[in-house]
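Read-outs: derived from the displayed coordinates by stated rules, not from any lab. Nothing here was measured: the structure is a model prediction, and the numbers come from that model. Virtual Cβ from ideal backbone geometry, glycine too; neighbours counted across all protein chains shown.
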Amino acid sequence: GENVEQHPSTLSVQEGDSAVIKCTYSDSASNYFPWYKQELGKRPQLIIDIRSNVGEKKDQRIAVTLNKTAKHFSLHITETQPEDSAVYFCAPPPGTYKYIFGTGTRLKVLA
Amino acid sequence: DTAVSQTPKYLVTQMGNDKSIKCEQNLGHDTMYWYKQDSKKFLKIMFSYNNKELIINETVPNRFSPKSPDKAHLNLHINSLELGDSAVYFCASSQVKDMVGGYTFGSGTRLTVV
């Protein structure tokens, strides 16, 4: 079946610290691993993604790492800023026509 | 130009009414979706359409009827609205080939049933 879990469900960090969110999935057919950011009252937006033939990808302060054997991938945010405060979702697609979204992680960056 | 546009943005209605939400995308994507986001922020897929064909119906009550007149439009009609239908409904689109690029979401429709 399709099961996607995120940990932690809430995370508070001091501005400038790093934040790590982990996503665990069950479907081994997944080969594309995106992370979305949803600010309060706004739509989810794709912020970074990785394909299964790559172990890590970085884009400025954010990075995604993948461990396909263990079926998890993580979002890393360094030098956090107040504008990073949002809900973050992972969404590995188990099949061709749908994404199952993770349970979400509420990140608060304290100034 | 808005890539995925939904209307209306807010919808307040009484129980038992029928309402529709419209969605249009100008990205040339071949697949469109409806997601429901509840008060705890869980995002659950409802429907998926590929080139106007229904591909996924995730055990949604048949009071919900999607319609896709062409691959750029996916509307959602809801009959006999119930209190539990209150949520934010997001339309999204993607290009299914390779499943790369993820979703582009609309701005959401906040439905409140009173």
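Take A:Asp17 and tell me if it is surrounded by fewer than 20 Cβ atoms within 10 Å (Cβ to Cβ) and either within 14 Å of chain B (Cβ to nearest Cβ) or on the phi > 0 side of the Ramachandran plot (or both).
No; evaluated as a whole, the condition is false for this residue.
For region A:14-33, which positions are out of contact with any helix residue (DSSP H, G or I) (no Cβ under 9 Å at 6 or more places or on another chain) and assigned to a strand (DSSP E or B)?
Correct list: A:Gln14, A:Val20, A:Ile21, A:Lys22, A:Cys23, A:Thr24, A:Tyr25, A:Phe33.
Answer yes or no as to whether A:Lys42 is in a loop (DSSP other than H, G, I, E, B), under 26 Å from B:Ser48 (Cβ atoms) and not aliphatic (A, V, I, L, M).
yes
Taking the stated definitions as given, is B:Asn57 more than 10 Å from chain A (Cβ to nearest Cβ), touching a strand residue (DSSP E or B) at 6+ places or on another chain (Cβ under 8 Å), closer than 15 Å to B:Lys22 by Cβ and polar (S, T, N, Q)? Write out each step before concluding.
Details: more than 10 Å from chain A (Cβ to nearest Cβ): yes; touching a strand residue (DSSP E or B) at 6+ places or on another chain (Cβ under 8 Å): yes; closer than 15 Å to B:Lys22 by Cβ: no; polar (S, T, N, Q): yes.
No, not satisfied.
Which residue is farthest from B:Lys36 (Cα to Cα), if the candidates are limited to region B:98-114 and must be in contact (Cβ under 8 Å) with a residue 24 or more places away in the chain and surrounded by fewer than 19 Cβ atoms within 10 Å (Cβ to Cβ)?
Residues of region B:98-114 that are in contact (Cβ under 8 Å) with a residue 24 or more places away in the chain, as a first pass: B:103-114.
After this cut, where a residue has to be surrounded by fewer than 19 Cβ atoms within 10 Å (Cβ to Cβ) as well, the list is B:107, B:110, B:112, B:114.
Details: B:Ser107: 13, B:Arg110: 10, B:Thr112: 13, B:Val114: 18 Å.
My answer is B:Val114.
Find the residue count for region B:12-46, including only residues that are more than 14 Å from the chain's Cα centre (by Cα) and either assigned to a strand (DSSP E or B) or at positive phi (or both).
First, pick out the residues of region B:12-46 that are more than 14 Å from the chain's Cα centre (by Cα): B:12-18, B:26-30, B:39-42.
Still in the running and either assigned to a strand (DSSP E or B) or at positive phi (or both): B:12-13, B:16, B:28, B:41.
Matching residues across region B:12-46 total 5.
Considering (1) surrounded by fewer than 17 Cβ atoms within 10 Å (Cβ to Cβ); (2) free of Cβ contacts under 8 Å to residues at least 40 places away in the same chain; (3) hydrophobic (A, V, I, L, M, F, W, C); (4) away from every other protein chain (no Cβ under 14 Å), say which one B:Phe64 fails and leave the rest.
Single failed check for B:Phe64: (1).
In contact with an Asp or Glu (Cβ under 7 Å, 6 or more places away or on another chain), away from chain A (no Cβ under 11 Å), of a type outside the set (Asp, Glu) and within 11 Å of B:Lys71 (Cα to Cα): does that describe B:Asn50?
No.
With B:Ser39, B:Ser80, B:Ser93 as the choices, which residue is exposed (fewer than 14 other Cβ atoms within 10 Å of the Cβ), under 19 Å from A:Tyr36 (Cα atoms) and not charged (D, E, K, R)?
Working: B:Ser80 fails: under 19 Å from A:Tyr36 (Cα atoms); B:Ser93 fails: exposed (fewer than 14 other Cβ atoms within 10 Å of the Cβ).
Checking each option against the conditions leaves just B:Ser39.
Please find, among A:Thr69, A:Thr65, the residue that is outside any strand (DSSP E or B), on the phi < 0 side of the Ramachandran plot and away from chain B (no Cβ under 13 Å).
Just a single option satisfies the conditions, and that option is A:Thr69.
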